[in-house]
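See below for the structure under consideration.
The values are calculated or read from the model by the stated rules, or taken from the named source; none is laboratory data. Everything numeric here is computed off the predicted structure, so don't read it as measured data. Neighbour counts are summed over all protein chains in view; Cβ atoms, including those assigned to glycine, are modelled from backbone coordinates with ideal geometry.
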2 protein chains.
Amino acid sequence: MGTPDSAASSPLAIIAGAGDLPRIAADHVVRAGREVFVVVVEGETSGDYSDLPHEIVRIGAAGRLKEILLERRCRDVFMTGTFRRPRFSEIDWDMGTVRALSSIMRLRFGGDDKVVNGVVHIFESEGFRIVGPREVLPGLVADAGVLGKVKPSRRARTDIADGLAAIRLMGRLDIGQAVVALSRRIIAVEAAEGTDAMIRRCGDLRSSGRVALPPPSGVLVKAAKPGQELRLDMPVVGIDTVRAAIHVGLEGIALEAGAVLMPRRREALELADQAGLFVCGVARGGEAGPE
Amino acid sequence: MGTPDSAASSPLAIIAGAGDLPRIAADHVVRAGREVFVVVVEGETSGDYSDLPHEIVRIGAAGRLKEILLERRCRDVFMTGTFRRPRFSEIDWDMGTVRALSSIMRLRFGGDDKVVNGVVHIFESEGFRIVGPREVLPGLVADAGVLGKVKPSRRARTDIADGLAAIRLMGRLDIGQAVVALSRRIIAVEAAEGTDAMIRRCGDLRSSGRVALPPPSGVLVKAAKPGQELRLDMPVVGIDTVRAAIHVGLEGIALEAGAVLMPRRREALELADQAGLFVCGVARGGEAGPE
């Protein structure tokens, strides 16, 4: 068997977590002419991949996973969708797992960054290549500039700069990847609750009078943390995020260019356009794209 | 008339915002043997002060307020309880207001710190002295060490250090004054929603599985922002905060010593003791008090 030399000529292994991201990714890759092989993880994968080459593995069965990937002649691995952290009781104690154990042990305590960097290390030490959305789904990664039809106002551009500054500062602590900035204040900071829950909170802030400025106002700024492993853990902005932003009356969404995945990009931008919500990609440096 | 020389011999003017803080403060000061004069602010004050010397003023009537304070021979002013930010339409355009206007204009855009520092400046430029809880309610300000009967565990002490580090870093951005730290992660950050709402969110994080560690775990860390004006704007931990922390299964509460007001301190600590929740005061530097 052995590992093929040319990566693109081999099937892309998609390790599928929960959510619709693995399905969207698989369809894109197939449309672009590359074969895929879907690793369906028991208790994690939520979609139906029966129409595609696939195999079911148990979580933590590292040795079995390696065997399957070699059998299927996969060298590139794209891990996408959401995963719970495995519990020790769920791990299959085969030989591969035992070898990976020292790495897993190091990962169990610590922020997400450490877990993710550890996963990359485990795969690469076994001869696989972890690939990310920039390589596999380049058309769905936010690029710089105004992405929809609505442009950010002057005030929104200040909000964007404030939000980026906050995210940059907090990244050192492995906290959130998103904030809502409004009129020189950071009114919401994401930690473990997730972006959409944070946005919904802004609706409560308006109804309780804690935020007085009438809608549309306020900008969701979402970026990667410094040093975030973008191949395995790129921040995502989906339709639900756009919907939540519209619902609470935000003025727009600013995403770090090259660092945020928009899985249903076209639909998301159409929805934003209809609602008058701007969506733009900004360089980490802080400029809000073209006027 | 004129301003009396000895501050303590003159009545303490309490400008009463909403909530029970002004009432608690007035009762404490009276019990300690000093006269009070309560300024009831129309549309802001929520308590009943009819049993105490008081007068009703309209918000923004700066000239009238100055007259009243001079008539009542007040030199020390203690502003407590919550206030909305005045809208321009609510301001009485008397001469005092016109003089204060340039300051007010500077305050309208910006975080809370700027507003608060501006208020101090306005009063002091008129010859009054703004006093704070450390002076007026010293027994209700958190001091260093274990405040109740429960001591923080070793893990909790790490959470406290992590939380303080996060707050220190974020203070530069005029964001939150409180976070919840749990097992090397910051799981919630307070911005505009207030501390109690942030704590309640931790219950959702548990029920959704985003936080897996079973209760009791996680520490609320609350501190002042660097440079925060503690006379006018000291962070507060009330009974509701303690109740929320117990409800979501936190392990304890750590407060910056000398910088957090506990208005119903005894009741709050009794409640915490009964529930096995620790409450401690910590120096800004990061030590979690005695073992």
| query | When the residues of the range A:32-44 are filtered to those that are at pLDDT below 90 and under 19 Å from the mean Cα position of the chain (by Cα), which remaining residue is nearest to residue A:68 (Cα to Cα)? | reply | A:41
| task | Being on the phi > 0 side of the Ramachandran plot and facing another protein chain (nearest Cβ under 10 Å) is the filter; apply it to the range A:142-189 and report the residue that is surrounded by the fewest Cβ atoms within 10 Å (Cβ to Cβ). | result | A:184
| said: Restricting to the range B:51-60, count the residues that are surrounded by fewer than 15 Cβ atoms within 10 Å (Cβ to Cβ) and closer than 17 Å to residue B:24 by Cβ. | reply: 1
| field | Single unsatisfied condition, residue A:279 versus (1) within 28 Å of residue A:123 (Cα to Cα); (2) among the aliphatic types (A, V, I, L, M); (3) in contact with a strand residue (DSSP E or B) (Cβ under 6 Å, 6 or more places away or on another chain) | value | (1)
| remark: Of the residues in the range A:137-175, those that are without any contact (Cβ under 8 Å) to a residue 12 or more places away in the chain, more than 21 Å from residue A:258 (Cβ to Cβ) and touching a helix residue (DSSP H, G or I) at 6+ places or on another chain (Cβ under 7 Å) come to A:173
| request: Would you point out which residue out of A:224, A:272 is of a type in the set (Gly, Ala, Ser), more than 23 Å from residue A:183 (Cβ to Cβ) and crowded, with 20+ Cβ neighbours inside 10 Å? | output: A:224
| message | Exactly one of these conditions fails for residue A:63: (1) surrounded by fewer than 20 Cβ atoms within 10 Å (Cβ to Cβ); (2) touching a strand residue (DSSP E or B) at 6+ places or on another chain (Cβ under 9 Å); (3) farther than 11 Å from residue A:11 by Cα. Give me its number. | response | (2)
| task | Output the number of residues of the range B:46-72 satisfying the condition of being farther than 23 Å from residue B:121 by Cβ and part of a loop (DSSP other than H, G, I, E, B). | result | 8
| request: Given the conditions (1) at positive phi; (2) modelled with pLDDT of 90 or more, report the number of the one that residue B:227 does not fulfil. | output: (2)
| query | From the list A:245, A:259, which one is of a type outside the set (Val, Ile, Thr), in contact (Cβ under 8 Å) with a residue 24 or more places away in the chain, away from chain B (no Cβ under 14 Å) and assigned to a helix (DSSP H, G or I)? | reply | A:245
| Of the criteria (1) modelled with pLDDT under 95; (2) under 17 Å from the mean Cα position of the chain (by Cα); (3) among the β-branched types (Val, Ile, Thr), which one residue B:241 fails | (1)
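Within the range B:213-224, how many residues are within 12 Å of chain A (Cβ to nearest Cβ) and either in contact (Cβ under 8 Å) with a residue 60 or more places away in the chain or over 28 Å from residue A:203 (Cβ atoms) (or both)?
Residues meeting the conditions: 1.
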| query | Given the residues A:284, A:231, A:266, which is the only one that is surrounded by fewer than 18 Cβ atoms within 10 Å (Cβ to Cβ), part of a loop (DSSP other than H, G, I, E, B) and either touching a strand residue (DSSP E or B) at 6+ places or on another chain (Cβ under 7 Å) or without any contact (Cβ under 8 Å) to a residue 60 or more places away in the chain (or both)? | reply | A:284
| task | Return only the number of the condition from (1) of a type outside the set (Ser, Thr, Tyr); (2) at pLDDT below 85; (3) closer than 18 Å to residue B:256 by Cβ that residue B:134 does not satisfy. | result | (2)
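Give the residue that is nearest to the other protein chains (Cβ to nearest Cβ), with candidates limited to residues of the range B:190-207 that are of a type outside the set (Gly, Ala, Ser) and in contact with a helix residue (DSSP H, G or I) (Cβ under 7 Å, 6 or more places away or on another chain). First the steps, then the outcome.
Start the filter on the range B:190-207 by keeping residues that are of a type outside the set (Gly, Ala, Ser), which leaves B:190, B:193, B:195-196, B:198-202, B:204-206.
Going one step further and asking which of them are in contact with a helix residue (DSSP H, G or I) (Cβ under 7 Å, 6 or more places away or on another chain), we end up with B:190, B:193, B:195-196, B:199-200.
Values: B:190: 8, B:193: 6, B:195: 12, B:196: 12, B:199: 12, B:200: 11 Å.
Going through the qualifying residues, I end up with B:193.
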